[in-house]
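One structure below.
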Amino acid sequence: MSTAIALAGNPNSGKTTLFNELTGARQHVGNYPGVTVEKKQGTCVSDSGKFDIVDLPGTYSLTAYSLEEVVARDFLVNEKPSMIVNIVDASNLERNLYLSVQFMEMGIPVTIALNMMDVAKKRGIKIDIKKLSKLLNVPVVPTIARSGEGKKELLQTIASNVNGKAEPLTISYGRDIDTALDEMEEIIQSSTFLTARYRARWTAIKYLEKDQQIVESGKKEDMKVALQLEGIVKKVTGHLLATLDTHPEGIIADHRYGFINSVLKQNVIGYFQDKNRLQLSDKIDKAVTNRFLGPIIMVGILMGLYKFTFTYSEIPVGWFESFFGWIGGIADNALPEGHLKSLVISGIIDGVGGVLGFVPLIMFMFLGIAFLEDSGYLARMAFMLDRVFRMFGLHGSSVMAFIVSGGIAGGCAVPGVMATRTLKSPKERLTTLLTVPFMNCGAKLPVYALLVAAFFSKNEATVMLLITLISWVGALLVARLLRSTVIKGESTPFVMELPPYRMPTIKGILIHTWERTWQYIKKAGTVILGISIVLWAMMTFPGLPETKTQEFESLRLFIMSGVPARVLSEIETLETETIKGDNLKVTRKLSAKAMVVKKSLAQVDFDEAHAGLKNSIAGRIGSSLEGITKFAGFDWRTNIALVGGFAAKEIVVSTLGTAYSIGEVDPEETTSLSDRLKVAEGWGPLTAFSLIIFTIFYAPCFVTVVCIAKEAGSWKWAAFSVVFNTVLAFGLSVLFYQVGSIVLT
Amino acid sequence: MGRISLRQMQVDQTGTIISVKGTGELGRRIRDMGLIPGKKIKVQGRAPLHDPVSLRIMGFTLTLRNNEADHIEVEVQ
Ligand SMILES: Nc1nc2c(ncn2[C@@H]2O[C@H](COP(=O)(O)OP(=O)(O)OP(=O)(O)O)[C@@H](O)[C@H]2O)c(=O)[nH]1
């Protein structure tokens, strides 16, 4: 039988790293406080036994202050793990033990994994582990999670202590509080008030701390007892306010830290350097968060990320493009004309290829973001930007959700929406939830990349930066709007740790990058492929009526009837040679006469395909919307693509790909979609940018919408985000397009 | 030297916390992070817009907004 173990500790103490080390599970390793929100489970099989390990969210306390704290506490209370393995950052012992003390007060067996021993040593901190263990009365094992050191000892210690019983820690909180606690404990015991879930004294402490969750459930359990307890709390509070000018919460915190101090003072910890000097980290911060230098560095880093992504990904992007062109060529040769060929080339290869072609781009982008995240720089961004975010009714920590969603282009609104769980205040959280989809997620990037390559190829980096700025400014203004209308209210505290800078490990960054890229590929590979096929069907069926097809056929015959046989055979030779690839050279060899004939024939093909698509299901939807969307410069093809984009933003690209490879002159040609758009009718920089604006703001993809509904706790907000965003996007695009048209003419 | 509010402290100035006035969520959060009477703090720096402030306490770095720092009284050296 395996035993359930809970892994708990402060954010950034190395919990995720240790969890990976123990379970071998792949998981995101970050350097931003509170990244681990989800409950992660894994199994550890070792010589010492088999353990089911749950990775609890990182918290500083157990006061049910934030969602993480509630999640962690509920797990401990409801699931009753056999043991808490408490990761404690040895280089930050005092504050980390504050949480440990609270675990011990709960009465669950605790084993301390004293992590970051290497960092502590470097900082000249020496810890007497035996003594610490004796004074706290729990096993303490030194570890270095990053290198796996101490893992074996930790497992042995867990195994030999897991079935023991823990004596709950009782701290003295001073006479006033202790007296009240004793009194309350007795009442709780005698009326078995909440005792099925919590220890009596713990409940009493929580009442004194005015813990919302406990007070609420107390009211439900037994109103009479609850009122009695609240009465005692009121009395003590009044007394403490009168005599000491503080609240019970304050005194409880003081005594907890006092207890920790009394332990550490007994020569448990020794400093060989000034403990307040984090030399390197401080030096970096002096420059990086400097009043003038800081913002410049920040913009520089953002720009650098763009350059890095665009420059270095170009080569592999080219490989991908030629790879899919090559596959398309093979399929073209191997398959007979007809629906199947059209499905394979236009539906599958173009659809998936159009999306996978951007994988290198996304990978490079994530590589950069992972580095910023793991190094600790992202937390500095939150610090520097808080003042700005607060102006818009958000929180400095909102930056996390914005960035994960694509604040630094790339990312995905789905994890971004999830990342808002780290935000405590429901109002700032909801506002962040509703505005993060405006960011440039990895799936929108292909859309931008396509349009930018086609119409703004001379200023790629500048235009991409402009797109980022538009989405930020738009998101912030909308946030402000929401916070002063539908989501009004006070702002929440910005009490946050700035983790020391760390050199990210290559392994950490690669896991991180790979996970996010894989997420994208998985989505591209499954959802996209499926939808590509559905869309292909929507674009192919019902097809043209028989009479129409015949019309086009007779038109072709008519064109060819007046042409000498010599010219006809010339065109035929060309067609067979085209399949072998070297299209350009062959075209040049055609005589003028043959060229004319070929052109008119191609025109017929184009008209037929065009008529077919227009008659298809998708074409009918698109055409019916064209009446309104023309004000934003979108024709029915763009409309189809945008409707598809609701399923997933990258589909905008594959749909345009499908739309144009069906509708264009020569479906065998593998020129990239960018080249096709450049020459397509109705397209120009104005239309392209109008479409970019629409893409930034319109309804999030349905996966995000589902997540918003879940995170906000109601479908009302999900529906709100679909309708509101689309209306907003349409308004902005129309405004841009109309004003642009006037200015340009 | 005297008691001032944390907001008024200069960068690189050190001091000892005398009292923490905040209650509710804010007060709890401040105390959980170790900002309690008797602790030594040092102002590490300020964000470019002068707010929030970052400070060193018990060997780690903590950030606070100015209006939150108002609740903390410090005896400065
Ligand atoms: N030097 C050193 N670094 C470590 C050690 N353990 C973890 N780290 C690093 O510390 C950073 C934070 O580790 P995580 O495992 O993400 O910490 P966490 O507690 O899960 O943090 P959250 O995900 O924010 O809750 C990473 O960059 C790790 O590589 C260690 O023992 N020594």
| said: Looking at the structure I just gave you, is residue A:713 out of contact with any helix residue (DSSP H, G or I) (no Cβ under 7 Å at 6 or more places or on another chain) and not assigned by TED's automatic domain parsing to the domain that holds residue A:331? | reply: yes
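Only one residue in A:208, A:229 is more than 41 Å from the chain's Cα centre (by Cα), in contact (Cβ under 8 Å) with a residue 40 or more places away in the chain and buried (at least 18 other Cβ atoms within 10 Å of the Cβ), so which one is that? Before you say what the answer is, go through the steps one by one.
On the way: A:208 fails: more than 41 Å from the chain's Cα centre (by Cα).
On inspection, the qualifying residue turns out to be A:229.
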| field | Failed condition for residue A:260, given (1) closer than 30 Å to residue A:125 by Cβ; (2) over 41 Å from the mean Cα position of the chain (by Cα); (3) aliphatic (A, V, I, L, M) | value | (2)
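Please determine, by comparing only the residues of segment A:78-90 that are within 13 Å of the ligand (Cβ to nearest atom) and part of a strand (DSSP E or B), which one is nearest to the other protein chains (Cβ to nearest Cβ).
The first filter runs over segment A:78-90 and keeps only residues within 13 Å of the ligand (Cβ to nearest atom), leaving A:85-90.
Next cut, part of a strand (DSSP E or B) only: A:85-89.
Details: A:85: 21, A:86: 16, A:87: 15, A:88: 13, A:89: 9 Å.
Among those residues, the one meeting the criterion is A:89.
Considering only segment A:463-514, state which residues are more than 13 Å from the ligand (Cβ to nearest atom), more than 14 Å from every other protein chain (Cβ to nearest Cβ) and not hydrophobic (A, V, I, L, M, F, W, C). Reasoning before the result, please.
Step one: of segment A:463-514, the residues more than 13 Å from the ligand (Cβ to nearest atom) are A:463-495, A:513-514.
This time we only want the ones that are more than 14 Å from every other protein chain (Cβ to nearest Cβ), so: A:463-488, A:513-514.
Across segment A:463-514, the qualifying residues are A:468, A:471, A:474, A:480, A:483, A:484, A:485, A:488, A:513.
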| remark: A careful count of residues in segment B:60-77 that are within 30 Å of residue A:126 (Cβ to Cβ) and within 7 Å of chain A (Cβ to nearest Cβ) gives 4
| task | Select from segment A:103-120 the residues that are within 15 Å of the ligand (Cβ to nearest atom) and away from every other protein chain (no Cβ under 14 Å) and write down the one among them that is most open to solvent (accessible area, probe 1.4 Å). | result | A:118
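Name the single residue that is nearest to residue A:169 (Cα to Cα) among those in segment A:121-138 being of a type in the set (A, V, I, L, M) and open to solvent by less than 30 Å² (accessible area, probe 1.4 Å). If you could, list the steps in order and put the result at the bottom.
The first filter runs over segment A:121-138 and keeps only residues of a type in the set (A, V, I, L, M), leaving A:125, A:127, A:129, A:132, A:135-136, A:138.
Keeping just the survivors that are open to solvent by less than 30 Å² (accessible area, probe 1.4 Å) gives A:125, A:127, A:132, A:136, A:138.
Working: A:125: 26, A:127: 22, A:132: 15, A:136: 9, A:138: 10 Å.
Restricting to residues being of a type in the set (A, V, I, L, M) and open to solvent by less than 30 Å² (accessible area, probe 1.4 Å), the top hit is A:136.
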| What is the number of the single condition among (1) in a loop (DSSP other than H, G, I, E, B); (2) within 16 Å of the ligand (Cβ to nearest atom); (3) within 13 Å of chain B (Cβ to nearest Cβ) that residue A:93 does not meet? | (1)
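Yes/no matrix, rows are residues, columns are (1) within 18 Å of residue A:722 (Cα to Cα); (2) surrounded by fewer than 23 Cβ atoms within 10 Å (Cβ to Cβ); (3) not aromatic (Phe, Trp, Tyr):
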{"position": "A:442", "(1), (2), (3)": "no, no, yes"}
{"position": "A:445", "(1), (2), (3)": "no, no, yes"}
{"position": "A:456", "(1), (2), (3)": "no, yes, no"}
{"position": "A:459", "(1), (2), (3)": "no, yes, yes"}
{"position": "A:465", "(1), (2), (3)": "no, yes, yes"}
{"position": "A:475", "(1), (2), (3)": "yes, no, yes"}
| message | Taking the condition of being among the basic types (Lys, Arg) and either surrounded by fewer than 15 Cβ atoms within 10 Å (Cβ to Cβ) or within 14 Å of chain B (Cβ to nearest Cβ) (or both), how many residues in segment A:289-346 meet it? | response | 2
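Hey, any hits in segment B:3-10 for a residue that's open to solvent by 20 Å² or more (accessible area, probe 1.4 Å) and within 8 Å of chain A (Cβ to nearest Cβ)? Can you show your working first?
Here is the first cut: in segment B:3-10, the residues open to solvent by 20 Å² or more (accessible area, probe 1.4 Å) are B:3-5, B:7-8, B:10.
Cutting the leftovers down to within 8 Å of chain A (Cβ to nearest Cβ) gives us none.
Within segment B:3-10 (the criterion being open to solvent by 20 Å² or more (accessible area, probe 1.4 Å) and within 8 Å of chain A (Cβ to nearest Cβ)), the answer is no, since none of the residues qualifies.
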| query | Any chance segment A:63-77 includes a residue that's within 15 Å of the ligand (Cβ to nearest atom), at pLDDT below 80, within 14 Å of chain B (Cβ to nearest Cβ) and more than 28 Å from residue A:209 (Cβ to Cβ)? | reply | no
| query | Among the residues of segment B:20-37, is any farther than 23 Å from residue A:102 by Cβ and either open to solvent by less than 20 Å² (accessible area, probe 1.4 Å) or at the interface with chain A (Cβ under 8 Å from one of its Cβ atoms) (or both)? | reply | no
| message | touching a residue at least 40 places away in the same chain (Cβ under 8 Å), within 16 Å of the ligand (Cβ to nearest atom) and open to solvent by 50 Å² or more (accessible area, probe 1.4 Å): is that true of residue A:197 in this structure? | response | no
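Starting from residues that are within 7 Å of chain A (Cβ to nearest Cβ) and at pLDDT 90 or above, keep the ones in segment B:50-59 and report whichever is nearest to residue A:397 (Cα to Cα).
Quick first cut of segment B:50-59, residues within 7 Å of chain A (Cβ to nearest Cβ) only: B:51-52, B:54, B:56, B:58-59.
Now restrict to residues that are at pLDDT 90 or above: B:52, B:54, B:56.
On the way: B:52: 12, B:54: 15, B:56: 20 Å.
Of everything passing the filter in segment B:50-59, B:52 is nearest to residue A:397 (Cα to Cα).
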| field | All helices (runs of 4 or more DSSP H) inside segment A:173-263 with 1 or more residues being closer than 21 Å to residue B:28 by Cα, within 13 Å of chain B (Cβ to nearest Cβ) and among the charged types (D, E, K, R) | value | A:200-208
| request: Name the single residue, out of those in segment A:121-136 being away from chain B (no Cβ under 14 Å) and touching a helix residue (DSSP H, G or I) at 6+ places or on another chain (Cβ under 8 Å), that is nearest to the ligand (Cβ to nearest atom). | output: A:132
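Would you mention how many residues in segment A:613-632 are open to solvent by 10 Å² or more (accessible area, probe 1.4 Å) and over 32 Å from the mean Cα position of the chain (by Cα)?
Kept after step one, since they are open to solvent by 10 Å² or more (accessible area, probe 1.4 Å), are these residues of segment A:613-632: A:614-615, A:617, A:620-621, A:623-631.
If we keep only those that are over 32 Å from the mean Cα position of the chain (by Cα) as well, we get A:614-615, A:617, A:620-621, A:623-628, A:630-631.
Summing the residues that are open to solvent by 10 Å² or more (accessible area, probe 1.4 Å) and over 32 Å from the mean Cα position of the chain (by Cα) in segment A:613-632 gives 13.
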| note | Scanning segment A:8-33 for residues that are at pLDDT below 50 and in contact with a strand residue (DSSP E or B) (Cβ under 9 Å, 6 or more places away or on another chain) gives A:33
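The values are calculated or read from the model by the stated rules, or taken from the named source; none is laboratory data. Everything quoted here is computed from the prediction, not taken from an experiment. Backbone-built Cβ (ideal geometry, glycine too); neighbour counts: all protein chains shown. The area values use the complete protein model at the heavy-atom level, side chains included, leaving out ligands, DNA and RNA. Shrake-Rupley method; radii C 1.70, N 1.55, O 1.52, S 1.80 Å.
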